[in-house]
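Peer 1: I am attaching a structure below and will ask some questions about it afterwards.
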Amino acid sequence: MRLVTHGDSAPSSVNRYLLPHEHQVIMVRRHPAVLLRPVAEVFGGLIIAGLLSKFFGDKGGGTALVVVWWLWLLLLIRFVWKVAEWSVDYFVVTSKRMLLTTGLITRKVAMMPLQKVTDMSFQRSLLGRMLGYGEFILESAGQDQALSTVEYIPYPETLYLEVCQMLFPSKDEGDD
């Protein structure tokens, strides 16, 4: 099974970080559950703004009413920003390394060569099990690496098995 989006071609936001001699094997976005908190904040803020509107509307507080709705608008703008960030964040596994690209304005690329990975595990919280995401924990020999945990990974069991197969290939794979 190959987990690659966009018809086996990486979007330009990821493709610019791939080396000419490596080919992409896995590419996934983070799970949409990363947006749960911003969604809850927007809806919670909407409920609070509605209740405060009723309270201030009865008292004739026009200025307070404007402030309340501007604050909610800021929450909404923050939510749109989080969705835009999520849409450009990718976890990529190539034939040579693992990459995590994040950020909309300040682009961050965390990378770990596959040869440096000495241990890899994943964990899933109860919410992660219900919604279908997990967290990868990568360990390497030597100093700390830029990529040690990857949160909100979709299909964690499938990805875990596929990455482990790349890290620890069977002896029969080269003997055709």
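The values are calculated or read from the model by the stated rules, or taken from the named source; none is laboratory data. Keep in mind that this is a model prediction, so the values were computed, not measured. Cβ placement follows ideal geometry from the backbone for every residue including glycine, while neighbour counts extend to all protein chains displayed.
Peer 1: Which one of these is surrounded by 13 or more Cβ atoms within 10 Å (Cβ to Cβ), of a type outside the set (A, V, I, L, M) and under 29 Å from VAL39 (Cα atoms): GLY132, GLY103?
Peer 2: None of the other options fit; the residue is GLY132.
Peer 1: To continue, here is another question. If you check every pair at least six apart or on different chains, which have Cβ atoms under 8 Å apart with a residue in region 85-112 that is farther than 21 Å from TYR160 by Cβ first and a residue that is modelled with pLDDT under 90 and of a type in the set (Phe, Trp, Tyr) second?
Peer 2: Every condition considered, the pairs that remain are VAL109/TYR17.
Peer 1: What are the pairs, 6+ residues apart or on separate chains, where a residue within region 134-152 that is at positive phi has its Cβ under 7 Å from a residue that is part of a loop (DSSP other than H, G, I, E, B)?
Peer 2: TYR152/ARG30; TYR152/HIS31
Peer 1: Considering only residues that are surrounded by 15 or more Cβ atoms within 10 Å (Cβ to Cβ) and more than 21 Å from LYS108 (Cβ to Cβ), look in region 1-42 and name the one that is modelled with the lowest pLDDT.
Peer 2: So the residue we want is VAL4.
Peer 1: Residue check, ALA84 against (1) surrounded by fewer than 17 Cβ atoms within 10 Å (Cβ to Cβ); (2) more than 28 Å from SER12 (Cα to Cα); (3) not acidic (Asp, Glu), all met but one. Which one?
Peer 2: (2)
Peer 1: Within region 60-80, is even one residue in a loop (DSSP other than H, G, I, E, B) and at pLDDT 85 or above?
Peer 2: The answer is no; no qualifying residue exists.
Peer 1: Select from region 113-133 the residues that are among the small types (Gly, Ala, Ser) and without any contact (Cβ under 8 Å) to a residue 60 or more places away in the chain and list them in ascending order.
Peer 2: Listed by number, the residues that qualify are SER121, SER125.
Peer 1: Just give me the residues in region 21-35 being out of contact with any helix residue (DSSP H, G or I) (no Cβ under 8 Å at 6 or more places or on another chain) and closer than 25 Å to LEU73 by Cβ, in sequence order.
Peer 2: Listed by number, the list is empty, since nothing qualifies.
Peer 1: Let me ask something else. Is there a residue in region 60-81 that is within 30 Å of LEU18 (Cβ to Cβ) and surrounded by fewer than 16 Cβ atoms within 10 Å (Cβ to Cβ)? Give the derivation first.
Peer 2: Pass one, region 60-81, residues within 30 Å of LEU18 (Cβ to Cβ): 80-81.
Subsequent filtering for residues that are surrounded by fewer than 16 Cβ atoms within 10 Å (Cβ to Cβ) retains 80-81.
Yes, some residue in region 60-81 is within 30 Å of LEU18 (Cβ to Cβ) and surrounded by fewer than 16 Cβ atoms within 10 Å (Cβ to Cβ).
Peer 1: For the structure I just gave you, tell me whether LEU52 is assigned by TED's automatic domain parsing to the domain that holds PRO156, in contact with a helix residue (DSSP H, G or I) (Cβ under 6 Å, 6 or more places away or on another chain) and over 30 Å from PHE168 (Cα atoms).
Peer 2: No.
Peer 1: Any idea how many residues of region 88-125 are part of a strand (DSSP E or B) and not polar (S, T, N, Q)?
Peer 2: The total comes to 18.
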